[in-house]
């Protein structure tokens, strides 16, 4: 129990608003620690997004969250080194979009997958993107790649495994606005090779789940 308590201590501190966790790792830059990016750090009118945590194949803890950076939201990713959090890697900086709701998943082979959605100036510019942990460094995530189609408005992703296959599910609706009801899209994700490339089985077809209709023929989603 003592060992478990010591490992959970950083989680409790981080979830409580990222108060001081100690000094930075050697070589890290001051002023960009996760606990410096606390709610209202950049914009006192809005708090940062919730922290999502995951454990990699080596038992290391990772944290990711959306934080308010001036006029937009960006993604921050940090990992625990003992009882100290590393300076976060920032994704989506100054891209003219809000980067929101990050989700993190690690596969048994060490592959790290980070998914979130981007909200553009127009409603139809919402898309789900993914980033992969560089297998050569094990510490840096790649630039994001768009996963959802440009024919759909996609948001709020979730990552999960089934039979060893990493999948992402997200909310989607047509970008042309012809259908207002949202569906749930499920898509497979690629794997990485040790050289940093990608491989994987043939893509599965998209799986779509739509809300059932009620007896009056309308959507059973509370919209009627």
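The values are calculated or read from the model by the stated rules, or taken from the named source; none is laboratory data. What you are looking at is a predicted structure, and each value in this text was computed from that prediction instead of being measured. For neighbour counting, all protein chains shown are included, and Cβ atoms are generated from backbone atoms with ideal geometry for every residue, glycine included.
Tabulated values for the structure
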read-out	value
Pairs, first at positive phi and part of a loop (DSSP other than H, G, I, E, B) in segment 68-79, second at pLDDT below 85 and surrounded by fewer than 24 Cβ atoms within 10 Å (Cβ to Cβ), C-beta under 8 Å, six or more apart	70/42; 70/43
Subset of segment 139-160 (residues that are in a strand (DSSP E or B) and loosely packed, with under 12 Cβ neighbours inside 10 Å)	145
Residue in segment 177-190 that is surrounded by 13 or more Cβ atoms within 10 Å (Cβ to Cβ) and at pLDDT below 75 present	yes
Whichever residue in segment 80-93 is at negative phi and in contact with a helix residue (DSSP H, G or I) (Cβ under 9 Å, 6 or more places away or on another chain) and, among such residues, is surrounded by the fewest Cβ atoms within 10 Å (Cβ to Cβ)	83
Failed item, numbered, when residue 211 is tested on (1) under 25 Å from residue 78 (Cα atoms); (2) modelled with pLDDT under 95; (3) surrounded by 14 or more Cβ atoms within 10 Å (Cβ to Cβ)	(1)
Within segment 118-135, tally of residues that are outside any loop (DSSP other than H, G, I, E, B) and either loosely packed, with under 15 Cβ neighbours inside 10 Å or modelled with pLDDT of 90 or more (or both)	11
Residue satisfying all of: in segment 52-71; surrounded by fewer than 20 Cβ atoms within 10 Å (Cβ to Cβ) and in contact with a strand residue (DSSP E or B) (Cβ under 7 Å, 6 or more places away or on another chain); farthest from residue 108 (Cα to Cα) among these	52
Meets criteria (closer than 19 Å to residue 170 by Cβ and either more than 14 Å from the chain's Cα centre (by Cα) or in contact (Cβ under 8 Å) with a residue 40 or more places away in the chain (or both)) for residue 109	no
Residue under evaluation residue 82, criteria (1) out of contact with any strand residue (DSSP E or B) (no Cβ under 7 Å at 6 or more places or on another chain); (2) closer than 13 Å to residue 139 by Cα, criterion not met	(2)
Filter result for residue 128 (within 15 Å of the chain's Cα centre (by Cα) and closer than 22 Å to residue 48 by Cβ)	yes
Residues being in a loop (DSSP other than H, G, I, E, B) and at pLDDT 85 or above - total across segment 37-59	6
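So that you can scan it fast, the table gives a plain yes or no per residue for (1) at positive phi; (2) without any contact (Cβ under 8 Å) to a residue 24 or more places away in the chain; (3) assigned to a strand (DSSP E or B):
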position	(1), (2), (3)
95	no, yes, no
101	yes, no, yes
116	no, no, yes
137	no, yes, no
